[in-house]
Amino acid sequence: MSAEARTAGHGTERAATAAPVRRRGEALESAIYGAVLQQLTTDGYARLTMEGVAAAAQTGKAALYRRWSSKEELVMDALRASLPPAGAAPDTGSLRGDLLAVVTGLRTAMFSELGAAVRAIMSEMDHQRARAFLELVLERVVEPTTALIAEVLDRGTARGEVRPGAVTPLVTDVVPALMLYRIKMCGGGAVELDPAAIVDEVLLPIVRP
C-alpha cells in the first residue's frame, strides 16, 4: 500500500471516530439524561450547561433545544425519568427486618448517582428556585418511603410488635427527615446513616409497646 493510500485510510478512520453518534428516540433521550446526572454529580447544578450536556451525550445542542427551552426543564425531566418506583413493602417476617430493609433502600437511593445529583441541586439553589425539584423529590421519594414505613408498622401492629395508635404521620416522617437532616445540615455520609442505628435507636423505641 502506498503512503498516500495509508494517509487517506488514517484520515478516514479519524473522520469516523470524530463523527457524532446518531441516536434517536429513547436511545438519545437516555444518553442525554445520563449526561445530565453525570454533570450534576461532578460539576454541580450551577456549572451544568446545555452545551456540556450535548457534548457528553454526543449530540448537538439543537437536539436539546428542540425539546427543552432551559436547563431547569431538562434537569427536571432527567430526574423525573430516572427516579425509580418505590416498589412493594418488604416482608421479612419481623418488624425490625422490614424496617431495616426500608431504611437501607432509602440510604442506597440517597447515595446513588441520582441521589448525588439531587443533593447537588438542593445544596446550590435557594428554596424558592428549588421548589419544583423539592416537590418532585417529595412525591417520588419521601412520600413513597413514608407509605412503606406506615405499611410495615401497621403490619407490626397486627403482630403485636407495635403499640396501637403509634403509627402517625409524624412517626412515619422520622426516618426520611432524620436522614435528610444528617446529609444536608450535617454533611453526613453513608457511614453516619447506619440503618441499624436508625431503626434500633430511633424508630423502634418510638413505636414498641
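For the reader, a short list of remarks on this structure follows.
- First in region 138-157 and within 18 Å of Ile206 (Cα to Cα), second anywhere and among the charged types (D, E, K, R) and open to solvent by less than 30 Å² (accessible area, probe 1.4 Å), Cβ under 6 Å, 6 or more apart: Val152/Asp98
- Extreme residue, nearest to Thr41 (Cα to Cα), among residues of region 104-117 that are out of contact with any Ser or Thr (no Cβ under 9 Å at 6 or more places or on another chain) and in contact (Cβ under 8 Å) with a residue 60 or more places away in the chain: Phe111
- The set of residues in region 164-177 that are open to solvent by less than 50 Å² (accessible area, probe 1.4 Å) and under 24 Å from the mean Cα position of the chain (by Cα) comprises Val171, Thr172, Val174, Val175, Pro176.
- Filtered residues of region 24-48 (kept if without any contact (Cβ under 8 Å) to a residue 60 or more places away in the chain and open to solvent by less than 60 Å² (accessible area, probe 1.4 Å)): Gly25, Ala27, Leu28, Glu29, Ala31, Ile32, Tyr33, Gly34, Ala35, Gln39, Leu48
Conditions tested, residue by residue: (1) buried (at least 17 other Cβ atoms within 10 Å of the Cβ); (2) closer than 29 Å to Glu73 by Cα; (3) over 17 Å from the mean Cα position of the chain (by Cα).
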{"residue": "Val137", "(1), (2), (3)": "yes, yes, no"}
{"residue": "Glu143", "(1), (2), (3)": "no, yes, no"}
{"residue": "Gly160", "(1), (2), (3)": "no, no, yes"}
{"residue": "Val199", "(1), (2), (3)": "yes, no, yes"}
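The values are calculated or read from the model by the stated rules, or taken from the named source; none is laboratory data. These numbers were taken from a predicted model, which means no experiment stands behind them. Don't worry about glycine lacking a Cβ; one is built from the backbone with ideal geometry, like all the others, and counts go over all protein chains shown. The accessibility values were calculated without ligands, DNA or RNA, using every heavy atom of the protein model including side chains. Shrake-Rupley method; radii C 1.70, N 1.55, O 1.52, S 1.80 Å.
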